[in-house]
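Written below as structure tokens is the structure these notes are about.
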Amino acid sequence: MGAALLITFRETLEAALVIGLILAFLGRAGLGPLRAAAWIGALVGLAFSCLAAYLFIALVGVFEGRAEQLFEGTVMLAGALLLTTLIVWLNKGKVKQTMEERTAASAGAGGWWGIALLVFVSVFREGIETVIFIGSSLRGADPGPGIGAMAGIALAGITGFAFFRYEMRIGVKGFFAVTNVLLVLFAAGLIGRSVGEFNEAALLPAGVEHLWDLSVLVPEERGLGSFMNGLFGYVASPSLAQAAAYVSYLGLVAACMRLRGHQAAKSA
């Protein structure tokens, strides 16, 4: 439940912030009649996201055996790479300025349809990301993904309302910094589990099949181990390849974040 809650909370809050920023800008710019276009774009984006989730679940059921292992490993790897791109390279600190510029351009170029399309793309993008991230974690022992997802959506709605009700005095940048750390660990877990799937499919060598075994102390099927498996990709008995991939990924992300920090300092 932890992974689903974190993912849907983060992605739904991003979508809520985008919609809120667009609606607020339209109000300040005297473009109130275009707010209806924003709401319609959001509803259509949500509907297409639900359709994508249904198609993804249906597709997962098609594969069996080695094909299933390869498919799931690929989805986990894709989810981790997508998360890494969002965390490392996107500048959340300028989201307000960026969205206001896009809203002004869309209103000027396409009017009603331009705003509807902007919101649709924003919501659908978050929906697709959510489908990929949750879909890639379904093989974990994390229980109750549906409950976690619904809780994350509800919590994001309340938080998004608080951001705008109190004029965004809550630090958005600080919030994303905290969730970024959790999502990096989640992505590292996806990398490790992806390598595990490829090990089972005989696509990658395991090196040492059981590097250590903590299944007696912290079994991954229940309790703390189950929670850590779903959120951070904890494996009680990982292979050498899994452990190496996990540690290497964290090192690579840390290096990228440091490089990005240096670049931001030079441009400031």
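The values are calculated or read from the model by the stated rules, or taken from the named source; none is laboratory data. Note that this is a predicted model, so its numbers are computed, not measured. Cβ atoms come from the backbone with ideal geometry, glycine included; neighbour counts cover every protein chain shown.
Of everything listed in (1) farther than 30 Å from Leu26 by Cα; (2) among the aliphatic types (A, V, I, L, M); (3) crowded, with 19+ Cβ neighbours inside 10 Å; (4) at pLDDT 75 or above, the single unmet condition for Ala149 is (4).
Note on segment 210-268: among residues that are part of a loop (DSSP other than H, G, I, E, B) and in contact (Cβ under 8 Å) with a residue 40 or more places away in the chain, the one that is farthest from the chain's Cα centre (by Cα) is Ser239. The single residue among Ala243, Ala187, Ala206, Ala201 that is aliphatic (A, V, I, L, M) and buried (at least 20 other Cβ atoms within 10 Å of the Cβ) turns out to be Ala187. Suppose the filter is surrounded by fewer than 15 Cβ atoms within 10 Å (Cβ to Cβ), at pLDDT 85 or above, out of contact with any Leu (no Cβ under 8 Å at 6 or more places or on another chain) and of a type in the set (Gly, Ala, Ser); does Ala47 pass it? Judged against the criteria, Ala47 is a match. In the set (1) modelled with pLDDT of 85 or more; (2) under 25 Å from Leu182 (Cβ atoms); (3) not aromatic (Phe, Trp, Tyr), Ile115 fails one condition alone, (2).
Of all residues in segment 4-25, those that are in a helix (DSSP H, G or I) have Cβ atoms under 9 Å from Cβ atoms of residues that are of a type in the set (Phe, Trp, Tyr) and modelled with pLDDT of 80 or more, 6 or more apart or on another chain, in Leu6/Phe186; Ile7/Phe186; Ile19/Trp39; Leu23/Trp39. Applying the criterion of being among the β-branched types (Val, Ile, Thr) and modelled with pLDDT of 90 or more to the residues of segment 175-203, the residue that is farthest from the chain's Cα centre (by Cα) is Val195.
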